[in-house]
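Notes for the one structure printed next.
Since every read-out is calculated from the coordinates, none of them should be taken as a lab result. Fair warning: this is a prediction, and the values are worked out from it, not measured in the lab. Because the Cβ atoms are built from the backbone with ideal geometry, glycine has one as well, and the counts that use them run over all protein chains shown.
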């Protein structure tokens, strides 16, 4: 018997009063299709009662209200003249990911077969969560599982192609011989199982029962995932057919993957097919042998295009081209090989530099040029910030340097610093922070929010744009950051001589690589001799001397003067020696009408217009090492996580997730939710 409570819950979530939907019924005993259009849930339930022994579906996306005038208005009609077509859908609001077990056609799934679909569904759910997708609705389709993503897309060819490729990627990555991601659910007029009704695809037997479809999990807040996240996943689909190495004497011959794998002793764990190709699961990831099967695989399309994916965060950025270059450095152009090496170095956790012990005799006080040991300056040690264009322009945070950061209130200085701190920790370095104006619990909560990302924060009921990190997640993040990120206890005051002494002790004891001082105005430097400006000069010189001595990087926040013009390095409050002596000067600008007007006066309209789509612009006003000036880098701000991001769809997985979230949050389908709160769209 159909579950009327679940059907009403379905209506609240997907439709609501006054929204038109088509119910489609397929009777397995009587060949034929039945259809009805409804705007009222009571009328709909009454109309489908006599069809409980059939398979009942609904149109997932909103449809043209004019269809209500068809013959099957408010009633079920057999063999209707028309049912909903793709062009009659007025927009896409849902993306259906349908995972079913492999089985004979026309039969229900066994419990064991359904478990295979559950395992694939959990992997898909985790993948989407870890790539920044908002929490989906999860449902039991009776024989398999549904993951329903809320979206906001136009009903056009571009959207259809995007959803189709997106599903193909999920199929490519996660389908097995025992359970598949359905790649046919991309059309706009797609119908979906009506939850609360039964699957009648086969006879009702003990081994293969007819089950009720139902909701498994409904998120507290059903939010649409932006289109760029779908584009990011769709971009994983291989499109280029391999050719022979461009520097090979056999250039022009067809690339032989089997020969490549055998020649390089690349172990194969298993091989399976997916729609349009085959998946070769590797025994171990070539970039990290600790990543064992089934966590990395090569994908070969029927067209001959090849792809590669490792699901571990530390290797997730590598592509098939990187894979091949690892074994055949001459496979592509020299420029592409340099980019591969840069990528490998950029994402790796670099080893701390250990200086060689000094000789007994230091040598001459004055050195002639031949006496000076030549050093390849391209190999100087730097710390990547994680902001790609910034790091490409500056090589990152150079060890031994002092950077001054400024910006108006609300420009995003704290968010930028917090993201940098986490990105630096992610790469194996340690960070010490002094925050003169921020309470310790607030600093922790903001760090937790950024590290959690929008997949693990929750909204505070009754408030707009108020998100926080639940205690179980925060505990896991804080455990990961233990002995990696240190915050100075403000109970010990803000007197510089005491703070500097404590910094030196911590840096030398813990091998700190990055020190953040936020901010100069909150520091008490009166213990230094001279007037205000002389004190600041001595202070910045102390920072420079210590940064070079310990080969660390120091980031100092200095507020600007109160002025109405476009901020320049001369706008930073205090002595001019702050910016003159600093190795780098950065200014954060919040993008808005003021930025457009004032930046145009300095940079010109043509240059500024390309940054108006961003949330924040970081300006490199001065970079002593590479001579970069007046260089702008645009960043996007994400409200839920407080992250500043390189791309809209960027979603960093920080190290606290490396061991999964078992014991912190339930898996997608480990348990059913019995008491689902009411939701109205």
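For the range 175-246 and the range 558-591, compute the distance between their C-alpha centroids and round to whole Å.
The distance from the Cα centre of the range 175-246 to that of the range 558-591 comes to 52 Å.
Could you work out the mean projected area of the convex hull around the alpha carbons of the range 4-226, in square nanometres to one decimal?
That works out to 11.9 nm², a quarter of the Cα hull's surface.
On a 0 to 90 degree scale, rounded to 10, what angle separates helix 440-452 from the longest Cα axis of the chain?
50 degrees
Would you kindly calculate the mean projected area, averaged across all directions, of the convex hull enclosing the Cα atoms of the range 1-79, in square nanometres?
Computing the convex hull of the Cα atoms and averaging its projections yields 4.9 nm².
Given points 7 Å out from each Cα along the Cα-Cβ axis, report the residue 33 to residue 475 separation in nanometres with one decimal.
The answer from the label model is 5.3 nm.
Using just the C-alpha positions of the range 11-50 as equal point scatterers, what log10 of I(q)/I(0) does the Debye formula give at each q in 0.20, 0.21, 0.31 1/Å?
The calculated log intensity ratios at q = 0.20, 0.21, 0.31 Å⁻¹ are -0.63, -0.67, -1.09.
Restricting to bridges with both residues inside the range 387-647, how much of the DSSP beta-bridge set is antiparallel, in percent to the nearest 5?
Just about 45 percent of them are antiparallel.
Against the longest alpha carbon principal axis of the chain, how many degrees, from 0 to 90 and to the nearest 10, is the axis of helix 157-174 turned?
80 degrees
Angle check, please: helix 471-481 long axis (alpha carbons) against the longest principal axis of the chain (alpha carbons), in degrees 0 to 90, nearest 10.
40 degrees
When DSSP beta bridges are limited to those with both residues in the chain, what percentage is antiparallel, rounded to the nearest 5?
75 percent
Helix-only estimate, please: 222 nm mean residue ellipticity of the chain, summing -39500 (n - 2.57) across DSSP H runs of length 4 or more and dividing by its residues, to the nearest 500.
-8500 deg cm²/dmol
Once you have the Cα-Cα distance between residue 594 and residue 570, take 0.36 nm times their residue separation minus that, and quote the gain in nm to one decimal.
My answer for the length gained is 6.8 nm.
Among 399, 1, 172, 521, which comes first, then next, by fewest other beta-carbon atoms within 10 Å?
Result, fewest neighbours first: 1, 521, 399, 172.
Across 10 Å bins from the origin, how do the percents of Cα pairs in the range 257-347 run, short distances first?
Here the calculated profile for the range 257-347 is 16, 49, 31, 3.
State, to one decimal in nm, how far the label point of residue 437 lies from the label point of residue 154, with both points 7 Å from Cα in the Cβ direction.
Using points 7 Å along Cα→Cβ, the separation is 4.4 nm.
In what sequence do 213, 203, 573, 455 fall when counting other Cβ within 10 Å, fewest first?
203, 573, 455, 213
Based on Cα positions only, what radius of gyration and what Dmax would you give for the range 387-647, in angstroms?
Here Rg and the maximum Cα pair distance are 18.3, 53 Å.
If I model a spin label as a point 7 Å beyond the Cα along the Cα-Cβ vector, how far apart are those points for residue 533 and residue 460 in nm?
The answer from the label model is 4.4 nm.
When the chain is fully extended, how far beyond the present Cα-Cα distance does residue 1 get from residue 606, taking 0.36 nm per residue of separation?
Here the answer is 211.2 nm.
Could you list 544, 607 so that the one with the fewest beta carbons within 10 Å of its beta carbon is first and the one with the most is last?
607, 544
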